[in-house]
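Report on the structure given below.
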Amino acid sequence: MQSMRYKFAVIGLGRFGTRIAKTLSDRGAEVIAIDRSIAKVDALRDDVSLPVCMDSTDLKNLKAQNINEVDAVVIAIGEDFESLLLTVVHLMSLKIKRIIARASTPQQRLILERLGVDEILSPEEEVGSIVAERLIHPNVKTFLQLSDHYEIAEIKSPAKTWNKPVSEIGFRETYKLNLITLRREMSEMVGGKPTVTSTIIGVPKSDNIIYDNDTIIVFGKTSDIEKFVELNS
């Protein structure tokens, strides 16, 4: 995949942040890897585009790295929540397009939510490679990496597939993918309140229509899944 058009910053290079930075770089993205520790930064010098040793709580430092030009910033600081919060505030003041922050406890998650952070990661629940996949392909909700570059992926239906029958998409013929099933979100009234429920379509038939609220679950090579997402988004 040619994804050098993507540019990300990862702040905090513990095991979680390092895994995200390396995976993003392996997927072809340009990565600014930031940490206060010169040892952690040096460990990534051969793996990322720009390793930077600096204090992210200093607004001048962030500006010096043109941080406002990146597509997203992942704040993976794990041991100093005060530094994480101050970094978040600075990034918000710089109007960063997308901020993803780490929360180690429910209390930290609540504070970040109150600050207005929409994307919050819990390292105990998230794998760094999955976080990187979501950054590269926002339409990919989750995926299970298998051997020999194959994976099973849940994909929010791309715009060019909406209101088309399965037969017209050409999953197998055009993209070499096997369509496993479709998951459809449906709104209904439960107890007088609108509730969204998910329904599995089962084994899709050729005349099943794909809608904008569907999740497509496919099996195939990683490169073919990327091709499907990119060509239909």
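Any read-out appearing in this document is the output of simple, stated calculations on the displayed coordinates, not a laboratory observation. No experiment lies behind these values; they were computed from the predicted model shown. Cβ: placed from backbone, ideal geometry, glycine included. Neighbour counts: every protein chain shown.
Tabulated data
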quantity: Ordering of 151-157, 109-115 by packing [mean C-beta count within 10 Å, highest first]; calculated: 151-157, 109-115
quantity: Structure-derived Cα extents along the principal axes in Å: which label, when the choices are [x] 61, 38, 34; [y] 68, 43, 30; [z] 56, 48, 28; calculated: [z]
quantity: Theoretical gain in end-to-end length, Asp58 to Ile152 [0.36 nm per residue, Cα-Cα removed]; calculated: 29.7 nm
quantity: Alpha-carbon centroids, the stretch 1-67 and the stretch 157-227: separation in whole Å; calculated: 35 Å
quantity: Per-peptide average of other Cβ atoms within 10 Å, ordering 202-210, 28-36 highest first; calculated: 28-36, 202-210
quantity: Computed helical MRE - 222 nm, the chain, DSSP H runs ≥ 4 contributing -39500 (n - 2.57), nearest 500; calculated: -9000 deg cm²/dmol
quantity: DSSP beta bridges in the chain [antiparallel fraction, %, rounded to 5]; calculated: 60 percent
quantity: The chain, relative contact order [Cα under 8 Å, separation at least 6], %; calculated: 16 percent
quantity: Cut-off 16 Å, label 7 Å out along Cα→Cβ of Asp80, residues of the stretch 97-123 by amide N; calculated: 102
quantity: Between 0 and 90°, nearest 10: helix 106-115 axis offset from the chain longest Cα axis; calculated: 90 degrees
